[in-house]
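One structure is given here, and the rest of the page talks about it.
Just so you know, all these numbers are worked out from the coordinates, no wet-lab data involved. Because the structure is predicted, anything quoted here is derived from the model rather than measured.
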Amino acid sequence: MWDRYLAKAMQTAELASRATRGPVRIGGTNFDVTLEEYDGPAPRSPRLRAMPSELLLVSADDRNGLASACRVYARRLGESDAALDAIARESHERFSPYAAERLAVVVADAISVE
């Protein structure tokens with residue numbers, strides 16, 4: 001019952017996310033470990049991606065706009081210094097789920113786009 005009350009309180013309160021693991025046994029001593037999401041004023045560091053591929057999301061109001069956006073991404077991914085993870089992250093930020101035309105492409109590396 002206490003767990004349900006605590007879970008409900010955590011969902012309704014505007015608190016940082018927390019995760020608890022216990023007990024952890026290290027050298028004969030038991031520890032309870034609690035991690036809390038940092039929610040301070042410092043800028044968040046970019047996430048480290050360890051994926052073998054990236055999801056490129058493209059959206060536009062019509063087919064011509066979608067084709068144009070795809071050509072722009074293909075050109076950018078074809079550049080010698082293309083950062084696939086950064087381009088994919090940018091595509092996620094620009095993507096609109098409400099656009100009339102939407103496309104998702106799994107890209108393993110910049111060369112596979114050509």
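Summary table below
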| read-out | value |
| --- | --- |
| Tensor-based shape of segment 44-114 (alpha-carbon gyration tensor, a/c under 1.5 rounded, otherwise prolate or oblate) | oblate |
| Segment Arg63-Asp32, extension gain: residue separation times 0.36 nm, minus the distance between their alpha carbons | 5.7 nm |
